[in-house]
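Structure, as structure tokens:
Each reported figure results from applying straightforward, stated rules to the coordinates on display, with no laboratory input. It should be emphasised that the depicted structure is a prediction, and the values quoted were computed from it without experimental measurement. Quick reminder, even Gly has a Cβ in these numbers, built from the backbone with ideal geometry, and neighbours come from all protein chains shown.
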Amino acid sequence: GAVVSQHPSWVICKSGTSVKIECRSLDFQATTMFWYRQFPKQSLMLMATSNEGSKATYEQGVEKDKFLINHASLTLSTLTVTSAHPEDSSFYICSARLQGEGAGQPQHFGDGTRLSIL
Amino acid sequence: AQSVAQPEDQVNVAEGNPLTVKCTYSVSGNPYLFWYVQYPNRGLQFLLKYITGDNLVKGSYGFEAEFNKSQTSFHLKKPSALVSDSALYFCAVRDLNSGGYQKVTFGTGTKLQVIP
């Protein structure tokens, strides 16, 4: 149980393109989803927390207009990298929290999306 | 504020030998502690957690971790390493007493290399 599906796994696109990444909870409802960015050989950097039906909460230093997050339903959150540039190339990972789940429960992670901007 | 430190970027161990991946934490209250494993180009998989109770917790794939409050540590261990254990390991902490749903803070990760 508690499977999180992230799509696409890999994406390569030209500079200036906007890219959308989907994060779905397949067998549970997720009131909260988290978006992370991971640089090579580095830890996960929390970008934003999205709550179903409300605006995402962005971490300091993360551009809201650059990284658009939508959490329109209890099973889907999307991250759109707008006008992507080579410096946006990274590994993006989402995770989800089950509805009603306590703070002592682990997060459920998607398999990540490798974004390469040419 | 909460923080977690993984002092080793990489740990090398021979197959069959015991392994330890170190983690220390800092929280203002009582911690929730987690270990995750990440294989190349994959997300994080949960291994084990400490919430309360017995200081020695057992998790997936034969891993265990010992919570030491006085040393604020939560080292990951396994009695006999397998080549397939080679991966990136993350320690994470959440402050129990922070109120509400506090964000998890991840360590910088330790790459475990098990040598055949």
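For peptide A:101-112, the mean count of partner chain Cβ atoms within 10 Å of a residue's Cβ comes to 6.
Site pair residue B:108 and residue B:39 shows an inter-label distance of 2.7 nm when each label is modelled 7 Å from Cα along Cα→Cβ.
Which whole-number percent gives the relative contact order of chain A, counting Cα pairs below 8 Å spaced six or more residues apart?
That works out to 37 percent.
For a 4.7 Å threshold on C-beta separation, the list of partnerless cysteines in chain A reads A:13. Considering all C-alpha pairs of segment A:5-118, those separated by over 24 Å amount to 19%.
Sorted by mean Cβ packing within 10 Å, highest first, what order do the peptides B:58-68, A:86-96, B:24-34, B:6-16 take?
Top of the packing list down: A:86-96, B:24-34, B:58-68, B:6-16.
Calculated from the alpha-carbon coordinates, the protein assembly as shown shows an Rg and a Dmax of 17.9, 53 Å respectively.
Rounded, prolate or oblate: pick one for chain B, where a ≥ b ≥ c are the square roots of the eigenvalues of its C-alpha gyration tensor, a/c under 1.5 means rounded, and failing that, prolate if a/b is larger than b/c, else oblate. It comes out prolate by the Cα gyration axes. Put the Cα centre of segment A:19-65 next to the Cα centre of segment A:75-109 and the gap is 3 Å. The fewest-to-most ranking of A:77, A:83, B:70 by surrounding Cβ atoms within 10 Å reads B:70, A:83, A:77. Hey, in the GNM for chain B with a 10 angstrom Cα cutoff, which one of B:69, B:49, B:22 fluctuates hardest? Of B:69, B:49, B:22, the Gaussian network model singles out B:69 as fluctuating most. For segment A:79-92, the Karplus equation 6.51 cos²θ - 1.76 cosθ + 1.60, evaluated at θ = phi - 60°, returns couplings of 10, 10, 8, 8, 6, 5, 10, x, 5, 7, 4, 5, 9, 10 Hz by residue, with Gly and Pro reported as x. Peptide B:42-54 is shielded by partner chain Cβ atoms: per residue, an average of 4 of them sit within 10 Å of its Cβ. Segment residue A:116..residue A:89, full-extension length gain: 9.3 nm, with 0.36 nm per residue of separation and the alpha-carbon distance subtracted.
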